[in-house]
Amino acid sequence: MAFNVDKIKFGPDGLVPAIIQDVRTGTVLMLAYMNATAFEKTLSSGETWFWSRSRQKLWHKGETSGHVQKVDEIFYDCDADALLIRVEQTNACCHEGYYSCFHYKINPKGGVAIVGELAFDPNQVYGKMAPKEEAATNEVKPVRRECDLTSATCGVLDELFQIIQARKQMRPPGAYTSYLFDKGIDKILKKVGEETAEVIISAKNNNRSEIVFEVSDLIYHILVMMCEKNIDLQDVLNELQDRRK
């Protein structure tokens with residue numbers, strides 16, 4: 001059947017919500033709003049356009065960052081009052097530097113964790129001031145990542161070390177590990193020192209979850225330092241085994 005834009009039921013504000021999904025991975029990237037003009041421009045250009053409610057203007061996704069969305073498929077629901085647009089995402093979607101805008105995960109105890117790794121530095125892309133505590137160095141900090149495994153084993157260290165080695169070789173832009181290798185050994189050692197101090201503080205505070213988090217940060221930075229110095233994880237495991245003998 002033939003499609004006409006008039007089929008879409010725009011709300012009293014002239015807008016319709018649009019869910020944006022990565023056609024390759026199925027990841028939900030973002031939720032935004034379109035008016036009739038934005039929808040028509042999306043159809044005609046093959047890239048997503050939206051209506052910014054905060055700025056009260058049309059915006060072309062990726063107009064500042066270059067992270068455009070190539071439209072692959074468009075669906076509307078049975079009430080014709082919501083859109084699902086499947087796209088090929090260039091680089092990453094979120095203006096905070098993550099692949100998906102939905103990177104805040106609420107855990108069963110009510111805490112919030114950031115899931116995923118920075119894909120780019122938003123300060124470099126958008127030219128915004130970094131958060132107050134990072135303004136002096138414009139540094140991108142690592143974030144807490146969650147694993148789908150129900151029970152992690154020591155094998156995760158080997159997996160993490162392989163990822164760090166790959167980052168050293170490939171240097172994907174925006175990745176925190178790439179940032180550390182680009183800055184060099186002095187920066188890496190500075191972070192090892194800082195994380196060591198944070199482990200000590202968390203232990204003095206007697207906060208179990210804080211200790212686990214800070215120890216994880218320290219182990220990660222130590223692995224980065226080892227990789228920078230071409231020391232393999234197996235070298236350390238062999239040393240520990242020899243000591244056990």
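The values are calculated or read from the model by the stated rules, or taken from the named source; none is laboratory data. Please read all numbers here as calculations on a predicted model, not as lab measurements. All Cβ positions, glycine included, derive from the backbone under ideal geometry; neighbour counts span all protein chains shown.
A few remarks follow.
- Residue in region 140-154 that is loosely packed, with under 14 Cβ neighbours inside 10 Å and either outside any loop (DSSP other than H, G, I, E, B) or at pLDDT 75 or above (or both) present: no
- Complete set of residues in region 1-28 that are basic (Lys, Arg) and outside any loop (DSSP other than H, G, I, E, B): Lys7
- Long-range neighbours under 7 Å by Cβ, at least six apart or interchain, first residue touching a residue at least 24 places away in the same chain (Cβ under 8 Å) within region 93-107, second among the aromatic types (Phe, Trp, Tyr) and part of a loop (DSSP other than H, G, I, E, B): Cys93/Tyr99; Gly97/Phe120
- Residues considered: Thr48, Thr90, Thr42, Thr64. Of these, the only one that is exposed (fewer than 15 other Cβ atoms within 10 Å of the Cβ) and either modelled with pLDDT under 95 or not aliphatic (A, V, I, L, M) (or both) is Thr64.
- Helices (runs of 4 or more DSSP H) lying entirely in region 157-245 (those with 1 or more residues that are touching a residue at least 12 places away in the same chain (Cβ under 8 Å) and more than 25 Å from Gly97 (Cα to Cα)): 185-205, 208-228, 233-244
- Among residues of region 99-116, those that are farther than 22 Å from Ala32 by Cβ and either part of a loop (DSSP other than H, G, I, E, B) or among the acidic types (Asp, Glu) (or both), counted: 5
- Condition broken by Lys204, with the remaining ones in (1) under 27 Å from the mean Cα position of the chain (by Cα); (2) more than 21 Å from Glu159 (Cβ to Cβ) satisfied: (1)
- Inter-residue pairs, beta-carbon under 8 Å, first outside the structural domain of Ile20 (by TED's automatic domain parsing) and in region 42-62, second part of a loop (DSSP other than H, G, I, E, B) and surrounded by 12 or more Cβ atoms within 10 Å (Cβ to Cβ), 6+ apart: none
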